[in-house]
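These notes concern the structure reproduced below.
The values are calculated or read from the model by the stated rules, or taken from the named source; none is laboratory data. Please read these numbers as outputs of a predicted model, since none were measured by experiment. Quick reminder, even Gly has a Cβ in these numbers, built from the backbone with ideal geometry, and neighbours come from all protein chains shown. What goes into the accessible areas is simple: the full protein's heavy atoms, side chains included, and nothing from ligands, DNA or RNA. Shrake-Rupley method; radii C 1.70, N 1.55, O 1.52, S 1.80 Å.
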Amino acid sequence: MKKYFRFDELGTNYRRETIAGLTTFLSMAYILFVNPAMLSLSSVPDLPDSMRMDQGAVFTATALAAALGSLIMGVIAKYPIALAPGMGLNAFFAYNVVLTMGIPWQTALSGVMVSGLIFILLSLSGIRETIINAIPAELKLAVGAGIGLFITFVGLQNANIIVDNPDLLVGLGDLTNGSTLLAIFGVIITVILMVLRVNAGIFIGMVITAIAGMVVGLVDLPTSVVGPAPSLAPTFGAAFENFGEVFTLQMLVVILTFLFVDFFDTAGTLVAVATQAGLMKDNKLPRAGRALLADSTATVAGAVLGTSTTTSYVESTAGVAAGGRSGFTSVVTAFFFLIAIFFSPLLSVVTSAVTAPALIIVGALMVASLGKIKWDQFEVAVPAFLTIIMMPLTYSISTGIAIGFIFYPITMICKGRRKEIHPIMYGLFVIFVLYFIFLAE
């Protein structure tokens, strides 16, 4: 096994890789509790049960998808990169596709599965290079930042820090409310941990917030800590139930959004982690095709199990910082995700007040890309800005992407930079215009 994972060549060993794998797991373990809360729309009252995914089933699906994805990445691509259902994509799935568009979650899972299958085809061919080059860097950066703002907005809502205001659309909530104060406490604690660069700061922040909630009586004590894995039956295979409904213009936009965000999020994470680990060679990523294939395969498997898009996690950099250099790090992370399945009773203590700080902080991390956008070039600044601002204001990630992609060809042509526009961008322009004409609400 040491030879397979090239321990000697990479200057690592079992102990270092195991510690790195555990560090990566702890850094992203928050997704085990945040993802079920998001996909079950637990923070949204008075919804029919048919719109909510079963929280226990999603917990198990999240853990299995993360374990499977991380294992494939470690064994096939041999990178110290872990995978799990992605933040941002789960918010799009729950709040945009299901809640706003009214699309059944079973159909949404079908869309995730189709996007993963397309991703697999792109990973097995050279087309991925063409697509990466077709989308301008500013729009790639803007999408990440916009999703960050959207996630933060959702977190602030879940904490009742931001509430509905009939006169002003939104306003500040009652900051004396117990649950709201608990969420604010969680944000402060998590910020402190992150500033001090504590590994697994977001996860530890959730633990401290939950404990504080139990101490003051805002969170119920769990009946147990360890228990049997929740059944997958409510979600397993649901992606096939409404598969025939994905062949519509509305679902095409949804699938493109799943695919677009996952594709570039994965590419960015791979480069970031590989660079930190010193695995880049001549500014190129070895085995990039295998890494993308691992990510796309995990997305398809996750959809079948019953969760939103599975993607590579930038939190893997925590494991690399702890010494992880080989795929064995990801194998160890996968092992811990499997063990985590038996800690589902803790779901009862993870309330909206406990998960809200994680959403707010993750959003803050995602907007870091704003500094790389060329704001002094108005023709690219406007599409980027509209992409970013329209996501939280319209409560729709896909709408933000659509508006930005529509304005980009217009501003670039007016500036005389027609030759810099890839033909694929014109195709997307037409698709998104048709989306607004026929389907946008």
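Data for the structure
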read-out: Per-region count, the range 405-441, residues assigned to a helix (DSSP H, G or I), touching a residue at least 12 places away in the same chain (Cβ under 8 Å) and open to solvent by less than 40 Å² (accessible area, probe 1.4 Å); value: 10
read-out: Segments classed as helices (runs of 4 or more DSSP H), wholly inside the range 1-66, with at least 3 members that are buried (at least 20 other Cβ atoms within 10 Å of the Cβ); value: 14-28, 31-39
read-out: PHE153 vs. criteria open to solvent by less than 80 Å² (accessible area, probe 1.4 Å) and touching a Leu at 6+ places or on another chain (Cβ under 6 Å); value: no
read-out: Subset of the range 77-112 (residues that are open to solvent by 10 Å² or more (accessible area, probe 1.4 Å) and under 20 Å from GLY268 (Cβ atoms)); value: LYS78, MET87
read-out: Whichever residue in the range 197-212 is over 30 Å from LEU305 (Cβ atoms) and surrounded by 11 or more Cβ atoms within 10 Å (Cβ to Cβ) and, among such residues, is modelled with the lowest pLDDT; value: VAL198
read-out: Checking ILE127 against (1) among the aliphatic types (A, V, I, L, M); (2) touching a strand residue (DSSP E or B) at 6+ places or on another chain (Cβ under 9 Å); (3) free of Cβ contacts under 8 Å to residues at least 24 places away in the same chain, the condition it does not meet; value: (2)
read-out: Residue within the range 191-207 that is at positive phi and assigned to a strand (DSSP E or B) present; value: no
read-out: Which listed residue is at pLDDT 95 or above, in contact with a Ser or Thr (Cβ under 9 Å, 6 or more places away or on another chain), assigned to a helix (DSSP H, G or I) and buried (at least 19 other Cβ atoms within 10 Å of the Cβ), from ALA318, ALA301, ALA353, ALA294; value: ALA301
read-out: Among (1) more than 16 Å from ALA356 (Cβ to Cβ); (2) surrounded by 19 or more Cβ atoms within 10 Å (Cβ to Cβ); (3) aliphatic (A, V, I, L, M); (4) touching a Gly at 6+ places or on another chain (Cβ under 9 Å) - the single one ILE189 does not satisfy; value: (1)
read-out: Residue count, the range 170-181 (criterion: free of Cβ contacts under 8 Å to residues at least 12 places away in the same chain and under 23 Å from MET38 (Cα atoms)); value: 4
read-out: Single residue of SER224, SER231 found to be under 21 Å from ALA84 (Cβ atoms) and not in a helix (DSSP H, G or I); value: SER231
